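The values are calculated or read from the model by the stated rules, or taken from the named source; none is laboratory data. Predicted model only: the values in this text are computed from it and were never measured. Glycine gets a Cβ as well: all are built from the backbone with ideal geometry, and neighbour counts include every protein chain shown.
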Amino acid sequence: MSEEQARPEEQEAHLEIAPEEDQPPGLIDTSVRSAALLFGFALVCTALMAWIYGATLPSITAAAEREKMKLIDEILPRALYDNNLLADTIELPSAPDLGQDEAIPVYRARKGGQPVALVFEAIAPEGYGGPIRLVIAVGADATVLGVRVVAHKETPGLGDYIDPRKDKNKKDPWIEQFSTRGATGLSEADWKVKKDGGRFDYMTGATISPRAVLQAVGRAARFAAAERERLYAVQPK
Amino acid sequence: MNSAEFRAIAENGIWRQNTGIVQLLGLCPLLAISTSFVNGVSLALATVLVMAMSSGAVAALRTLIPYEIRIPVFILIIAALVTCLDLAMNAWLHELYLVLGIFIPLIVTNCIVLARVEAFASKNTPLAAAWDGAMMGTGLLVVLAILGGMRELIGSGTLFAGIETIIPGTHGLQIAPADYPGFLVAILPPGAFICLGCFIAGRNWLDARAAKHAPAAASAAAH
């Protein structure tokens with residue numbers, strides 16, 4: 001039924017196109033010329049981008065490494081170690097304890113060859129606005145040395161005080177309590193805000209964000225303590 | 001091109017056909033990034049640069065570009081220029097790049113860029129086209145600067161926060177008292193719409209007032 005209907009339409013369409021094919025300069029010529037020009041433009045644009053990419057690559061790599069080191073410097077003072085963190089890196093295939101289902105790098109700090117700290121990324125999945133990405137430094141004795149929020153979608157002005165740049169309390173930002181209060185030997189129950197019977201402060205009105213961060217940091221600390229031997233021993237690639 | 005034509009193009013871009021509050025094009029970056037003065041101005045500056053470069057490039061190549069395939073060629077040129085800008089910012093203004101993030105590549109999809117290339121650059125000389133692009137971008141810059149400044153001031157009580165990422169050695173101003181709790185709505189997207197609505201209303205009011213005064217002035221001049 002539908003096929004029969006379609007046929008006359010096709011014929012009509014063909015009839016309409018036919019006269020155009022006879023017209024100069026010819027559809028094919030125009031198409032070929034357009035295609036060639038488009039290809040030419042694509043070639044020139046790609047060449048331009050390739051050149052700029054090559055010219056900026058060293059600066060971009062350097063900027064990314066500076067960025068990483070700046071973040072690490074905030075949670076792990078340089079005086080504590082003497083190796084090149086970024087070179088002494090292993091890759092964890094995946095770590096459910098850290099909320100990671102993709103491979104993550106683990107940076108290892110050493111002084112005179114002795115293990116000092118591990119720096120790695122963890123994800124707090126229970127954030128109010130979605131997952132919160134953290135960078136955590138855990139000392140060789142399983143102490144949490146420092147934590148920073150790398151990316152989050154917490155409500156501006158409410159839950160975003162977990163990021164020290166947004167914290168109104170500039171002198172003693174919330175996130176600093178990990179490094180200043182020596183979180184050694186804490187049990188699972190201690191890794192909670194005070195409201196929930198834990199050891200950590202929070203701000204009234206926004207408990208979900210710090211709760212999520214605390215859970216993730218607690219899990220990461222336990223993970224680092226349990227896997228310590230293995231994480232320090234593996235040879236970097 | 002004489003100076004009167006340049007002035008006409010500038011007036012057109014900044015006031016009469018202002019991208020942000022008259023043509024209402026490219027609202028996505030406008031509203032998303034205008035949470036602070038520095039963010040708004042930085043993105044607008046990038047847009048100015050892209051618009052001037054793409055308009056100039058298209059005008060220079062306009063006799064080469066067949067009418068049938070002009071749109072893909074325009075997009076190709078704009079996308080290539082934006083990619084170059086994206087890479088350059090990543091390399092030399094890395095901190096700012098981290099803030100503006102995905103909005104730089106999105107300049108490609110900002111319809112105002114394509115609109116000016118199609119409406120103006122494809123029919124004019126490179127110099128006039130580049131000037132037109134820059135002025136259209138400047139119109140956006142003015143709106144983004146005021147919008148960003150307002151939202152930052154109301155929302156977090158600061159002004160020019162984060163300027164040290166662009167000009168090292170400077171720092172933002174704390175306008176409100178340090179314990180200002182902030183006004184959340186101004187920072188969230190609804191605040192952007194409310195502020196923008198006020199701008200459009202204000203501009204229409206100014207235009208209406210000018211129109212009312214204009215006939216009187218014209219008849220006065222005739223006598």
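Brief remarks on what is shown
- Of all residues in region A:104-135, those that are touching a Lys or Arg at 6+ places or on another chain (Cβ under 9 Å) and not in a loop (DSSP other than H, G, I, E, B) total 13.
- Inclusion of B:Phe37 among residues that are surrounded by 21 or more Cβ atoms within 10 Å (Cβ to Cβ), at pLDDT 85 or above and more than 30 Å from B:Gly182 (Cα to Cα) is not warranted.
- Selection status of A:Val144, buried (at least 16 other Cβ atoms within 10 Å of the Cβ), closer than 20 Å to B:Ser36 by Cβ, hydrophobic (A, V, I, L, M, F, W, C) and at pLDDT 80 or above: no
- In the set (1) modelled with pLDDT of 85 or more; (2) surrounded by 14 or more Cβ atoms within 10 Å (Cβ to Cβ); (3) closer than 19 Å to A:Gln215 by Cβ; (4) more than 14 Å from chain B (Cβ to nearest Cβ), A:Pro125 fails one condition alone, (2).
- Residues (in a strand (DSSP E or B) and within 22 Å of A:Asp141 (Cα to Cα)) located in region A:62-103: A:Thr89, A:Ile90, A:Glu91, A:Leu92, A:Ala95
- Failed item in (1) within 30 Å of B:Ala60 (Cα to Cα); (2) within 11 Å of another protein chain (Cβ to nearest Cβ), with A:Val32 passing the rest: (2)
- Residue ID - surrounded by the most Cβ atoms within 10 Å (Cβ to Cβ), chosen from residues in region A:194-215 that are at pLDDT 80 or above and of a type in the set (Val, Ile, Thr): A:Val213
- Residues (closer than 19 Å to B:Ala129 by Cα and either modelled with pLDDT under 85 or more than 9 Å from chain A (Cβ to nearest Cβ) (or both)) located in region B:67-111: B:Tyr67, B:Arg70, B:Ile71, B:Phe74, B:Ile75, B:Ile78, B:Val82, B:Ile107, B:Val108, B:Asn110, B:Cys111
- Test: A:Val138 is within 11 Å of chain B (Cβ to nearest Cβ), among the β-branched types (Val, Ile, Thr), touching a strand residue (DSSP E or B) at 6+ places or on another chain (Cβ under 8 Å) and not in a loop (DSSP other than H, G, I, E, B): no
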